[in-house]
1. Restricting attention to the range 125-149, report how many residues are surrounded by 21 or more Cβ atoms within 10 Å (Cβ to Cβ) and free of Cβ contacts under 8 Å to residues at least 60 places away in the same chain.
2. Kindly provide the set of residues from the range 192-210 that are within 23 Å of Pro227 (Cβ to Cβ) and exposed (fewer than 15 other Cβ atoms within 10 Å of the Cβ), ordered by number.
3. Go through the range 245-256 residue by residue and tally those that are under 24 Å from the mean Cα position of the chain (by Cα) and surrounded by 12 or more Cβ atoms within 10 Å (Cβ to Cβ).
4. Give the residue, chosen from Gly92, Gly88, Gly172, Gly116, that is under 15 Å from the mean Cα position of the chain (by Cα), closer than 25 Å to Val218 by Cβ and not acidic (Asp, Glu).
5. Among the residues of the range 137-152, is there at least one that is at pLDDT 95 or above and either in a helix (DSSP H, G or I) or more than 24 Å from Arg288 (Cα to Cα) (or both)?
6. Being surrounded by 11 or more Cβ atoms within 10 Å (Cβ to Cβ), touching a helix residue (DSSP H, G or I) at 6+ places or on another chain (Cβ under 7 Å), basic (Lys, Arg) and under 21 Å from Phe78 (Cα atoms) narrows it down to one of Arg287, Arg267, Arg233, so name that one.
7. Looking at Cys33, Cys7, which is the one that is over 24 Å from Val285 (Cβ atoms), surrounded by 13 or more Cβ atoms within 10 Å (Cβ to Cβ), in contact with a Cys (Cβ under 8 Å, 6 or more places away or on another chain) and modelled with pLDDT of 90 or more?
8. How many of the residues in the range 81-113 are small (Gly, Ala, Ser), surrounded by fewer than 22 Cβ atoms within 10 Å (Cβ to Cβ) and in contact (Cβ under 8 Å) with a residue 60 or more places away in the chain?
Amino acid sequence: MRVCLHCSHRFVSDQWTCPACGTEPECRAGFLCFAPELAAANEGFSADYFARLAELEPDHFWFRARNQLVQWAFKKHFSSAQTFLEVGCGTGFVLTGIRRQFPNLRVAGTDVFTEGLGFARERLPGVELFQMDARRIPFEAEYDVIGAFDVLEHIAEDEQVLAEFYRCCKPGGGVILTVPQHRFLWSAADQYAYHKRRYTRRELLSKVGAAGFEISLVTSFVSTLLPMMFVSRLRHQKLDASFDPYDEFMIGRAVNRTLEFVLLAERKLIEARVSLPAGGSLLVVARRMHG
């Protein structure tokens, strides 16, 4: 069901013109925009970061390992899902992997930046992509599964976003979330990325539960590399002229391959129902129960 963000009218239609007030979303750069005032710039991300991300994602061990973990979680917990919405899809790297792995799934992607959606459109021809503010989602009970992968930490009102996810999700469906973990890892990298927080497990589970979801899975990941991350972040705790945001990504091919293998071993533990207690990131799967 669609929701008019101007008058809150709920309606079922193939068109976005509200039958109650006549409002329709603006179109920019070929994308429907539900929060056009945020389409080019806001306090949550730097738009020029997307080009570098699109270049790094396909080969970098961290992005590849996260994709594989998300795809496993989707298959494990939502194998009968028919629709999927990724909120904060950025360049479309995760959504591309989901679409490839589940070709019969109807997928859609959103981002607050039209800049990111431009890269996603190249990767995902024919997929519905639109610009919106995750704090005001123009759907109700529309999607079986909603994914947000390293998105919530960019938004001050994360509890409001989770409540919107609950409203947008069909009963019996759910969410898959990843976030950066552990406050002791806070560094210049978080400041550069406009993070509002790094989560504790208790904090995220509390907020997801308060939104109405029931937890199905929680585990840390990037656990084996936590000491390496700590040392790296300790070197740059403040954002200054010496900080290079891409320094952590600049690793040799052999090291990259080795680290991907390490995270593969972690994923095998998670698949064997081991909930890893600590790690650079946190994965949560939760359901909106019927009713």
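The values are calculated or read from the model by the stated rules, or taken from the named source; none is laboratory data. Remember, it's a predicted structure, so these values are computed and weren't measured experimentally. Backbone-built Cβ (ideal geometry, glycine too); neighbour counts: all protein chains shown.
1. Count: 1.
2. Answer for the range 192-210, where residues must be within 23 Å of Pro227 (Cβ to Cβ) and exposed (fewer than 15 other Cβ atoms within 10 Å of the Cβ): Thr200, Arg202.
3. Step one: list which residues in the range 245-256 are under 24 Å from the mean Cα position of the chain (by Cα), which gives 245-250, 256.
Within this subset, residues satisfying the condition of being surrounded by 12 or more Cβ atoms within 10 Å (Cβ to Cβ) are 245, 247-249, 256.
Residues meeting the conditions: 5.
4. Gly88
5. Initially, the range 137-152 is screened for residues at pLDDT 95 or above, giving 137-152.
From the residues that got through so far, the ones that are either in a helix (DSSP H, G or I) or more than 24 Å from Arg288 (Cα to Cα) (or both) too are 152.
There is at least one residue in the range 137-152 that is at pLDDT 95 or above and either in a helix (DSSP H, G or I) or more than 24 Å from Arg288 (Cα to Cα) (or both).
6. Residue meeting the stated conditions: Arg267.
7. After applying the criteria, what remains is Cys33.
8. Going through the range 81-113, the residues small (Gly, Ala, Ser) turn out to be 81, 88, 90, 92, 97, 108-109.
Now restrict to residues that are surrounded by fewer than 22 Cβ atoms within 10 Å (Cβ to Cβ): 81, 97, 108.
Then drop every residue that is not in contact (Cβ under 8 Å) with a residue 60 or more places away in the chain, which leaves 81.
Residues in the range 81-113 being small (Gly, Ala, Ser), surrounded by fewer than 22 Cβ atoms within 10 Å (Cβ to Cβ) and in contact (Cβ under 8 Å) with a residue 60 or more places away in the chain: 1 in total.
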